[in-house]
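**Student:** Dumping the structure here so I can ask a few things about it.
No value in this document is a laboratory result; all are computed from the given coordinates. All of these numbers come straight from a predicted model, not from anything done at the bench. Don't worry about glycine lacking a Cβ; one is built from the backbone with ideal geometry, like all the others, and counts go over all protein chains shown.
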Amino acid sequence: MDIKNQEILDYMGTVSSPVPGESLTNDRTGAPYPWERPPTHTTLNSALHSLFDFMTDEETYIDIVTALGDGMPVTNMAELFLKDGFQKGAWNPDLMLQLMEPTMYMVMSMAEKAGVKYRLDMSDDPNIEDADPEQELEALTSLNKIARNKVEPTSNPASNLPQEIQQEIETFQAPTSLLSPTAEPEPTEETNSLLARG
């Protein structure tokens, strides 16, 4: 073996960093990482409430507003909170992706409450003059109408179904269970039983 290779092997033996692939052989029953356990929050609603409580804590709120005022983008801050929550086992990666947009809206609303100009990403400039308020109002009103049409349910959800299926649903009789009590059949005049023949 070459001396240079032996020096590398000796050095690798003293390094305390994990060997590539070592995590695949770890014992999961001993002490799993927080993200390897079932998440604390499994629904969007519960995760949002947890995030809101964390972000409205007095110290956290001041840190958020200060960082936004110093130029930190909203997307970076939302990513920071969500990645931290994932690493602590609060949610899984799928829920983390669903939380991205609502978290950004919460961060933006906090900045607006504090009167701090913010930017969405690194390319956004918070010092650009705002558009005409009347034009913004018209645009927001039209977006609101579009959103309501898509989100609000119609008075009758079945109205989206074809007419034939709607009629079948109205005339449909739910089948009874085999275990449900049934009415006893009425005796007929003519009995075909062997015991009745005597």
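**Student:** Net charge near E79: determine it from the other residues with C-beta under 14 Å of the C-beta of E79, scoring Lys and Arg +1 and Asp and Glu -1.
**Tutor:** Charge balance in the 14 Å sphere: -2.
**Student:** Hey, what's the per residue convex hull volume over the C-alpha atoms of the stretch 1-107, in cubic angstrom?
**Tutor:** So the per-residue hull volume is 179 Å³.
**Student:** So if each residue of separation counts as 0.36 nm, and I subtract the Cα-Cα distance between D63 and I8, what length gain in nm does that give?
**Tutor:** Length difference between fully extended and current span is 15.2 nm.
**Student:** Something else about it: Taking θ as phi - 60°, what are the ³J(HN,Hα) couplings along the stretch 105-112 by the Karplus curve (6.51, -1.76, 1.60), each to the nearest whole Hz, with x for Gly and Pro?
**Tutor:** Karplus-based 3J(HN,Hα) across the stretch 105-112 equals 5, 5, 5, 5, 5, 5, 5, 5 Hz.
**Student:** I need the calculated FRET efficiency for the pair S23 and T43, taking r as the beta carbon distance and R₀ as 25 Å, to the nearest 0.05.
**Tutor:** Calculated value: 0.30.
**Student:** Here is a further query. At K113 and V15, where each label point lies 7 Å from the Cα along Cα→Cβ, what is the point-to-point distance in nanometres?
**Tutor:** Going from the K113 label point to the V15 one covers 4.8 nm.
**Student:** Please work out how much length the chain gains when fully extended from K88 to E101, using 0.36 nm per residue of separation minus the C-alpha to C-alpha distance, in nm with one decimal.
**Tutor:** 2.7 nm
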